[in-house]
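Visitor: My questions will all concern the structure given below.
The values are calculated or read from the model by the stated rules, or taken from the named source; none is laboratory data. Owing to the predicted nature of the structure, the values given are computational and were not obtained by experimental measurement. Quick reminder, even Gly has a Cβ in these numbers, built from the backbone with ideal geometry, and neighbours come from all protein chains shown.
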Amino acid sequence: MNNTSQQKKQRPSLSVEIAGLRLKNPVMPASGTFGYGQEYAPFFDLDELGAIVTKGLSLHPKAGNPTPRIAETTSGMLNAIGLQNVGVEDFIRDKMAFLRQFRAPVIANFFGNTLEEYGEMARRLSDLPEVSAAELNISCPNVKKGGIVFGTDPQAAAEVVSLVRRHLDKPLIVKLTPNVTDITVMARAVEEAGADAICCINTLTGMAVDVHRRKLRLANGTGGLSGPAIRPVAVRMVYQVVQTVKVPVIGVGGITKAEDALEFLVVGARAVQVGTANFVDPLAMPKIVEGLERFCREQGMDDINEVIGSLQST
């Protein structure tokens, strides 16, 4: 056996399974930080990823919030993009033509302002064979219920998940907001309503002030905090959710390198999403994949699944 064949044989498996989806590795982008894939294709082969997660989609195009809508913070950033997107029609017509050339599963993130919009989006995504799964963003206000955010009320969350489940013939991943008193309550609610997997966490609500101008740094006032600063919060919440539900959990929040991703895997996440790091280094995700493989080799592991849930009791 030559050296190349021997190296190939000894290569550890990074493959994981999420809600019936077999991924070549556990690394994927966080929605909203990777566009529709086209923006990063010049930098690396998107098939190096476990999955491709799209920017959040709505029934109709959305312009988003006025600028400024991004502000750098200590070890992170605030964003108030306002869910700007091309709308599901343009996505089907223009973006899917690009995405269908890749073997990596496409996970379409989507949202709505009313239950009716969520239901219609679920039906539209069900009709797309190129979309392997849907990621439901429930961090949006229900405009018919006084603006309450679906993801902060267990009953509202269960209602929207149940509706989407009835209209979606694909694996359903529900992305949770951390801006709640107890994330395990939300996790139980969406699992019981039909979620096949849970993704946590979305951004934490924050604010920044320009002290020289005495003005808020975001036109929207508040925004979502992401980046390394939130990772300890995200790891804690993922750990809590893993202990609470039976469905697989995807961890996200402040991952910039393989060691960060491993924190989430060790506490029980079956996959991870990388967000803010993509803005700093377009090659962040391929580097994390390489780092996971290197870690497995150094630890004498044949399979990344040996890492998942391996946290030792103190």
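Visitor: Applying the selection to region 101-129, what residues are in contact with a strand residue (DSSP E or B) (Cβ under 8 Å, 6 or more places away or on another chain), closer than 21 Å to Thr33 by Cα and not hydrophobic (A, V, I, L, M, F, W, C)?
Guide: If the condition is that a residue be in contact with a strand residue (DSSP E or B) (Cβ under 8 Å, 6 or more places away or on another chain), closer than 21 Å to Thr33 by Cα and not hydrophobic (A, V, I, L, M, F, W, C), then Pro105, Asn109 are the ones that fit.
Visitor: So, one more: Find the residue count for region 13-41, including only residues that are in a loop (DSSP other than H, G, I, E, B) and under 22 Å from Gly194 (Cβ atoms).
Guide: So in region 13-41, the residues in a loop (DSSP other than H, G, I, E, B) come out as 14-15, 19-20, 24-26, 30-41.
Among the residues that remain, those that are also under 22 Å from Gly194 (Cβ atoms) are: 19-20, 31.
Here the count works out to 3.
Visitor: Also, quick follow-up: Inside region 225-241, can you point out the residues that are more than 19 Å from Ile288 (Cβ to Cβ) and either touching a helix residue (DSSP H, G or I) at 6+ places or on another chain (Cβ under 8 Å) or crowded, with 24+ Cβ neighbours inside 10 Å (or both)? Show your work before the answer.
Guide: Step one: filter region 225-241 for residues more than 19 Å from Ile288 (Cβ to Cβ), giving 225, 233, 236-237, 239-241.
Within region 225-241, Leu225, Met237, Gln240, Val241 qualify.
Visitor: Hey, another quick one. At negative phi, part of a loop (DSSP other than H, G, I, E, B) and not acidic (Asp, Glu), is that true of Pro282?
Guide: On the way: at negative phi: yes; part of a loop (DSSP other than H, G, I, E, B): yes; not acidic (Asp, Glu): yes.
Against the criterion (at negative phi, part of a loop (DSSP other than H, G, I, E, B) and not acidic (Asp, Glu)), Pro282 qualifies.
Visitor: Counting only residues that are under 18 Å from Val190 (Cβ atoms) and out of contact with any helix residue (DSSP H, G or I) (no Cβ under 7 Å at 6 or more places or on another chain), which one in region 247-265 is surrounded by the fewest Cβ atoms within 10 Å (Cβ to Cβ)?
Guide: Taking the candidates together, the pick is Pro248.
Visitor: Let me ask something else about it. State which residue pairs qualify: first residue at positive phi and inside region 26-48, second residue part of a strand (DSSP E or B) and modelled with pLDDT of 95 or more in any location, beta carbons under 6 Å apart, and separation of 6 or more residues or different chains.
Guide: Cβ pairs passing all conditions: Gly37/Ile52.
Visitor: Considering only region 266-292, how many residues are aliphatic (A, V, I, L, M), more than 25 Å from Gly56 (Cα to Cα) and surrounded by fewer than 21 Cβ atoms within 10 Å (Cβ to Cβ)?
Guide: Taking region 266-292 first, the residues aliphatic (A, V, I, L, M) are 266-267, 269, 271-272, 274, 277, 280, 283-285, 288-289, 292.
Now restrict to residues that are more than 25 Å from Gly56 (Cα to Cα): 266-267, 292.
Narrowing the set further to residues that are surrounded by fewer than 21 Cβ atoms within 10 Å (Cβ to Cβ) leaves 266.
Of the residues in that region, 1 qualify.
Visitor: Under the condition of being over 17 Å from the mean Cα position of the chain (by Cα) and of a type in the set (Ser, Thr, Tyr), which residue from region 11-46 is nearest to Val247 (Cα to Cα)?
Guide: Ser15
So that you can scan it fast, the table gives a plain yes or no per residue for (1) at pLDDT below 95; (2) surrounded by fewer than 21 Cβ atoms within 10 Å (Cβ to Cβ); (3) of a type in the set (Asp, Glu):
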position: Leu21; (1), (2), (3): no, yes, no
position: Lys24; (1), (2), (3): no, yes, no
position: Met28; (1), (2), (3): no, no, no
position: Tyr36; (1), (2), (3): no, no, no
position: Leu46; (1), (2), (3): no, no, no
position: Ser58; (1), (2), (3): no, no, no
position: Ala71; (1), (2), (3): no, yes, no
position: Gly82; (1), (2), (3): yes, yes, no
position: Val86; (1), (2), (3): no, yes, no
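Visitor: Would you be able to tell me the number of residues in region 246-273 that are in a loop (DSSP other than H, G, I, E, B) and of a type in the set (Gly, Ala, Ser)?
Guide: Taking region 246-273 first, the residues in a loop (DSSP other than H, G, I, E, B) are 246-248, 253-257, 267-270.
Checking the rest, the ones that are also of a type in the set (Gly, Ala, Ser) come to 253-254, 268-269.
Looking only at that region, the number is 4.
Visitor: Could you list, in sequence order, all residues of region 211-261 that are aliphatic (A, V, I, L, M), touching a residue at least 60 places away in the same chain (Cβ under 8 Å) and more than 27 Å from Ala134 (Cβ to Cβ)?
Guide: Result: Leu218, Ala219, Ala229.
Visitor: Filter region 60-94 for residues that are over 27 Å from Val233 (Cα atoms) and hydrophobic (A, V, I, L, M, F, W, C) and give the result.
Guide: Ala63, Val86, Val88, Phe91, Ile92
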